[in-house]
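Only one structure is covered here, and it is reproduced in the block below.
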Amino acid sequence: MNRIEFMEELSGLLQDIPEEDRMDALNYYNDYFDDAGAENEKNVIDELESPEKVAAKIKADREDPEDGKAGMPMEQDNKPWTNKWLKMILIVAIILVGCPVIVPVAIGLLAAIAGILIAAFAFFIAIVIGFAAIVIVAIVLTAAGIGSMFVNIGAGLALFGAGMILIAVGAIGTVAGIRLCIIVFPGMIRGIVWILRKPFHRKAMA
């Protein structure tokens with residue numbers, strides 16, 4: 001016998017008592033099953049023994065009010081653990097046990113993320129500065145080449161050509177480095193924000 005069969009049979013056995021009393025009793029036992037949880041359904045049925053016995057107790061209680069709630073199961077102290085209370089206790093226990101581990105791990109994770117961001121920022125800035133320095137050196141070489149043409153045209157042309165090549169390389173590298181920073185940094189930040197928000201998003205969905 002399951003809960004539905006038990007309650008249907010009990011409802012049929014209580015047809016001969018006033019409707020208000022009948023509904024009060026049925027609501028009470030439905031709440032009792034709910035509090036116990038689906039996993040304890042069989043235990044509750046075993047405790048109550050049978051719908052006939054419960055119905056007899058309810059009717060006897062109506063005839064002899066001094067017996068109190070004779071048709072009712074034992075009070076909360078003897079009820080099986082409910083899922084709600086068990087979950088609350090487990091959550092508190094996990095927090096108490098996990099705090100000494102979770103807090104340092106969380107701090108370490110945040111420090112690692114900050115370190116990665118700082119290292120990436122420094123790396124890309126170094127690239128941009130390096131290419132900008134190449135441009136500056138190239139300008140100096142170009143100017144030196146122009147000046148050397150009046151003394152030694154061959155050496156001057158060589159310096160001038162090298163300077164122009166370096167200017168092109170430095171300019172392309174500087175622009176590429178800046179564009180790379182513009183693309184990479186927002187993506188990194190969005191990725192980190194997504195990772196940090198994921199646990200909270202799961203809680204909201206739960």
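The values are calculated or read from the model by the stated rules, or taken from the named source; none is laboratory data. Predicted model only: the values in this text are computed from it and were never measured. For neighbour counting, all protein chains shown are included, and Cβ atoms are generated from backbone atoms with ideal geometry for every residue, glycine included.
Quick one: which residue in PHE123, PHE150, PHE131 is under 38 Å from the mean Cα position of the chain (by Cα) and modelled with pLDDT of 85 or more?
PHE123
Out of GLY115, GLY177, report the one residue that is over 30 Å from ILE91 (Cβ atoms), touching a residue at least 12 places away in the same chain (Cβ under 8 Å) and not hydrophobic (A, V, I, L, M, F, W, C).
Residue meeting the stated conditions: GLY177.
Name the pairs: first residue in the range 1-12 and under 15 Å from ASN43 (Cα atoms), second residue assigned to a helix (DSSP H, G or I), Cβ to Cβ under 6 Å, at least 6 apart or on different chains?
ARG3/PHE33; ARG3/GLU41; PHE6/ILE45; PHE6/PRO51
Suppose the filter is in contact (Cβ under 8 Å) with a residue 60 or more places away in the chain and loosely packed, with under 15 Cβ neighbours inside 10 Å; does LEU109 pass it? Don't jump to the end; show me each part of the working.
On the way: in contact (Cβ under 8 Å) with a residue 60 or more places away in the chain: no; loosely packed, with under 15 Cβ neighbours inside 10 Å: yes.
Spelling it out, it is not the case that LEU109 is in contact (Cβ under 8 Å) with a residue 60 or more places away in the chain and loosely packed, with under 15 Cβ neighbours inside 10 Å.
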